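Remarks on the structure that follows.
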Amino acid sequence: MTLVAFMQAGNVSVYSGSWRYPHAAQDFLSLDYYQRIARVLEEGRFDLMFFDDRLAMPGIYGNSVDDAVRYGARPIKLDLTAILGAAAAVTQHLGLGATYSTTYYQPFHVARTFASLDHLSGGRAAWNIVTSVNDAEARNFGVDQHAEHDKRYDRAEEFVEVVAKLWDSWEDDAIVADRESGVFADPAKVHKLDHHGEFFDVQGPLTVPRTPQGRPVLIQAGQSGRGRQFAAKWADLIFTGDPSREVAAEHYADQKAIIAEYGRDADSVRVLPMVYVIPGETEQIAREKENIFLHDLVHPQASLTLLSEVTNYDFSGHSLDDVVTDELIDQVSGIRGLVQGVKRHIRDQELTLRVLANHRATLLQGPRFVGTGPQIAEQMEHWFQSRSCDGFVIAATHFPGAFEDFVRLVVPELRARELVRTDYEGRTLRENLGLARPENIMATRTTDLADAGKVVEHA
């Protein structure tokens, strides 16, 4: 199994009520906070420590950030570069992933950031490609309104193409470092892009040589039809949010088929659902922890604030007890997939905004594995062996404790079933994921052009 830890760089875990846990760590503005978690994850032989991100404080609800601030609904989002650098300093094998937007950043900036991280970590960087979600983010970057869905993906396609070329603008053996001759690098092996597209004009080359992984690992989590196509073309890891094993199995088969249509090896791309794992020494202890962590701590207004953020719709004019009607679904962008997932989970229960908001804020749509170490390992094995996933993105309920409990109670059971590693296979993230090092597309292009020139000259 591939194991990924899902993180937020702020006052809460993925669960927005986690800050209210009586023993929650309060030093989330310190490097030590993130370094402690990174050490735990490497002890458990996780593949990747991954950070989600947004480029705005939740402020769609009531056109105000007040409730996000008041109830701690993810108002704090630190820049991820320093955090990943700090995590790299205290680990040797753990992958380090971050979210960077293709809508509000520029390709050169993203290419340089992740190439630098890949070098400084010894080949452990991963980029989560997102197109961003709402108008609040747009206004922080001088834009009145968020671009429509397909336009964002058009930009993302060109963005990733440019980043890939920038990463490959240095050939692997470009640096000569010949002190005697005074030649540092071979100019013939450092390539300009001269890219001129619909969205970007980028000259290149990148100011960072080709990295230990060749290119950092690419992550994507698009759930729409266009999102699945984009992930199939580019992603090494695909994050999903399916409510049940049956739905996950359908998604898994569909996504793998699309990957194969792009001529890629579908088995080399990992499809990973996000889950909560709540282990206990006994099942009763685990259930009590579930009630505390996922039912008692989140404020309803915090849930509605986050629902407004993810759907880019202001729900302040609605009551929490309003029924989610077809008319509401039709007028709210980004809500349809969420509603479908929650309906599969609650079955015949009436779907109100309270239910929908709580599911969004606490991931109640599942999957959720609760029980003793052996019970949880059995559930995870069933998902894995039934070809519903290639591993899991594990969201923490609280810090400290959530990942510590998983490593202490669940990982030994998974190892006993030979489902996870006992030690890392290599130094780079690609090596530990079993992914091939990509060929250099710029070097290949240059060779092809040179060969074409020789044919013309010979003729």
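The values are calculated or read from the model by the stated rules, or taken from the named source; none is laboratory data. Quick caveat: nothing in here was measured; it's all calculated off a predicted structure. Here Cβ is always computed from backbone atoms with ideal geometry, including for glycine, and neighbour counts include all displayed protein chains. Note: accessible area is taken over every heavy atom of the protein model, side chains too, but ligands, DNA and RNA are not part of it. Shrake-Rupley method; radii C 1.70, N 1.55, O 1.52, S 1.80 Å.
Numbers at a glance
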quantity: Counted residues, segment 222-266 - those being hydrophobic (A, V, I, L, M, F, W, C), out of contact with any Cys (no Cβ under 7 Å at 6 or more places or on another chain) and either more than 24 Å from L429 (Cα to Cα) or part of a loop (DSSP other than H, G, I, E, B) (or both); calculated: 6
quantity: Residue in segment 323-338 that is of a type in the set (S, T, Y), modelled with pLDDT under 75 and surrounded by fewer than 21 Cβ atoms within 10 Å (Cβ to Cβ) present; calculated: yes
quantity: Number of the condition not met by N63 [criteria: (1) touching a strand residue (DSSP E or B) at 6+ places or on another chain (Cβ under 6 Å); (2) open to solvent by 40 Å² or more (accessible area, probe 1.4 Å)]; calculated: (1)
quantity: Segment 159-180: number of residues that are open to solvent by 20 Å² or more (accessible area, probe 1.4 Å) and more than 20 Å from the chain's Cα centre (by Cα); calculated: 11
quantity: Residue tally, condition part of a loop (DSSP other than H, G, I, E, B) and open to solvent by 20 Å² or more (accessible area, probe 1.4 Å), over segment 12-51; calculated: 10
quantity: Every pair of residues 6+ apart whose Cβ atoms lie under 7 Å, when the first sits in segment 255-275 and is in contact (Cβ under 8 Å) with a residue 60 or more places away in the chain while the second is of a type in the set (K, R) and assigned to a strand (DSSP E or B); calculated: V275/R368
quantity: When residues of segment 364-409 are limited to those that are touching a helix residue (DSSP H, G or I) at 6+ places or on another chain (Cβ under 9 Å) and in a strand (DSSP E or B), the one farthest from A266 (Cα to Cα); calculated: G371
quantity: Given (1) open to solvent by 50 Å² or more (accessible area, probe 1.4 Å); (2) within 20 Å of A56 (Cα to Cα); (3) touching a residue at least 60 places away in the same chain (Cβ under 8 Å); (4) not small (G, A, S), index of the condition F108 fails; calculated: (2)
quantity: Of the criteria (1) in contact (Cβ under 8 Å) with a residue 40 or more places away in the chain; (2) in a loop (DSSP other than H, G, I, E, B); (3) open to solvent by less than 60 Å² (accessible area, probe 1.4 Å), which one L320 fails; calculated: (1)
quantity: Filter result for L294 (crowded, with 19+ Cβ neighbours inside 10 Å and closer than 30 Å to S18 by Cα); calculated: yes
quantity: Breaking point among (1) more than 22 Å from S101 (Cβ to Cβ); (2) in contact with a strand residue (DSSP E or B) (Cβ under 8 Å, 6 or more places away or on another chain), for L166; calculated: (1)
quantity: Residue satisfying all of: in segment 378-398; in contact with a Leu (Cβ under 8 Å, 6 or more places away or on another chain) and of a type outside the set (A, V, I, L, M, F, W, C); surrounded by the most Cβ atoms within 10 Å (Cβ to Cβ) among these; calculated: T397
quantity: One residue from P212, P216, P279 being touching a Gly at 6+ places or on another chain (Cβ under 6 Å), open to solvent by less than 40 Å² (accessible area, probe 1.4 Å) and modelled with pLDDT of 95 or more; calculated: P279
quantity: Residues within segment 111-154 that are among the small types (G, A, S), open to solvent by 30 Å² or more (accessible area, probe 1.4 Å) and more than 16 Å from D168 (Cα to Cα), tallied; calculated: 2
